[in-house]
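Trainee: One structure, pasted below without further comment.
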Amino acid sequence: MPIEFSFILLAAIVVLVVIFFYFVPFLLWISARVSGVSISLLQLFLMRIRKVPPQVIVRAMIEAHKAGLKEITRDELEAHYLAGGHVERVVHALVSASKANIILGFQMATAIDLAGRDVFEAVQMSVNPKVIDTPPVAAVAKDGIQLIAKARVTVRANIRQLVGGAGEDTVLARVGEGIVSSIGSSETHKSVLENPDSISKLVLKKGLDSGTAFEILSIDIADIDIGKNIGAELQIDQAQADKNIAQAKAEERRAMAIALEQEMKAKAQEARAKVIEAEAEVPKAMAEAFRVGNLGIMDYYKMKNIEADTSMREAIAKPADGNGKPSKN
């Protein structure tokens, strides 16, 4: 039993020592004191209680102290960490800005970081401008020739506009709009090919970086290709459309003419039917005239003679065909 008790006591002591050094990072406190950072063991213990990693805060304080940024306090770093910020990134950005003589305060840096932007990358971009390649932008000159242009935009981060400023997508959209406007206002595509720098000058004059997180330093036209003859294609399409309209109207007139012809034929057939019907009533009328005495036999023969004489005159009046016989027409 004494041996087992000794092992249990030793294990308990080890556990207590581990817990003690976890909540009271003694070695981290020594590292801070050696680096000249004033912080107490009680403060490190309270960081553990507040669930703030002491290593992150202490390392940031050491880096800031060594860089001469003594205005950064422990409470500010802890508050920024608890707000969901990146303490290391903010301190790196402040040190870089200080070395590059860029005015950047702690409040501004934390605001940029909490806004979701990489403040350290923004400081680097202020020192080393970034080149953004635009996608191919197609535009049509006044002579109807399409041009496809690619541009390279050199931008520098605007620290003051990082909070609430527009990003790269807005810059690219504005540059593309400026290229389209510049090419579209050119009289011919040849003038654009001869002086591509005219596009850059016109686009830069519009102040495209207003309200963005960047400052446009230059816009260079990297490449211009000739595309389709849009003007000719539009004329061909218009001519084809006019042709289709004319054909449709002609077909409409033809259908109306056919309908009118059918209507006239129907009316003629109706008239012939009425004539035949009237001719069918003639024998009845003659029989009735014979019966009542209004028509005599001599009168009937005289009428027949007149009909025969009329038929003979019509036959003589008709021109003869090739065989010497009267034509049927």
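The values are calculated or read from the model by the stated rules, or taken from the named source; none is laboratory data. Note that the structure is predicted; figures quoted are calculated from it, not measured. With ideal geometry, Cβ positions are generated from the backbone for all residues, glycine too; neighbour counts draw on all protein chains shown. The protein model used for the area step is the full one, side chains on, heavy atoms only, and it has no ligands, DNA or RNA in it. Shrake-Rupley method; radii C 1.70, N 1.55, O 1.52, S 1.80 Å.
Trainee: On the basis of being without any contact (Cβ under 8 Å) to a residue 60 or more places away in the chain and farther than 26 Å from LYS99 by Cα, does ILE49 make the cut?
Mentor: yes
Trainee: Now a separate question. Just checking, which of ARG174, ARG160 is over 11 Å from ASP209 (Cα atoms) and either touching a helix residue (DSSP H, G or I) at 6+ places or on another chain (Cβ under 6 Å) or assigned to a helix (DSSP H, G or I) (or both)?
Mentor: Testing whether each residue is over 11 Å from ASP209 (Cα atoms) and either touching a helix residue (DSSP H, G or I) at 6+ places or on another chain (Cβ under 6 Å) or assigned to a helix (DSSP H, G or I) (or both) leaves just ARG160.
Trainee: Tell me whether segment 237-246 contains one or more residues that are part of a helix (DSSP H, G or I), under 25 Å from ILE145 (Cα atoms), open to solvent by less than 70 Å² (accessible area, probe 1.4 Å) and hydrophobic (A, V, I, L, M, F, W, C).
Mentor: yes
Trainee: Output the number of residues of segment 211-228 satisfying the condition of being touching an Asp or Glu at 6+ places or on another chain (Cβ under 9 Å), in a strand (DSSP E or B) and either among the aliphatic types (A, V, I, L, M) or open to solvent by 60 Å² or more (accessible area, probe 1.4 Å) (or both).
Mentor: Looking only at that region, the number is 5.
Trainee: Considering each of ILE221, ILE145 in turn, give the residue that is among the β-branched types (Val, Ile, Thr), more than 22 Å from ALA111 (Cβ to Cβ) and in contact with a Pro (Cβ under 7 Å, 6 or more places away or on another chain).
Mentor: ILE221
Trainee: Every residue in segment 140-164 that is surrounded by fewer than 20 Cβ atoms within 10 Å (Cβ to Cβ) and over 16 Å from PRO129 (Cβ atoms), please.
Mentor: LYS142, ASP143, GLY144, GLN146, ILE148, LYS150, ARG160, VAL163, GLY164, listed by residue number.
Trainee: Oh, and also: Could you list, ordered by first residue, the pairs with Cβ atoms under 6 Å in which the first is in segment 64-90 and over 21 Å from SER40 (Cβ atoms) and the second is open to solvent by 40 Å² or more (accessible area, probe 1.4 Å) and part of a helix (DSSP H, G or I), at least 6 apart or interchain?
Mentor: GLY85/LEU114; ARG89/PHE120
Trainee: Which of the helices (runs of 4 or more DSSP H) contained wholly in segment 1-80 include at least 1 residues that are acidic (Asp, Glu), open to solvent by 50 Å² or more (accessible area, probe 1.4 Å) and modelled with pLDDT of 75 or more?
Mentor: 54-66
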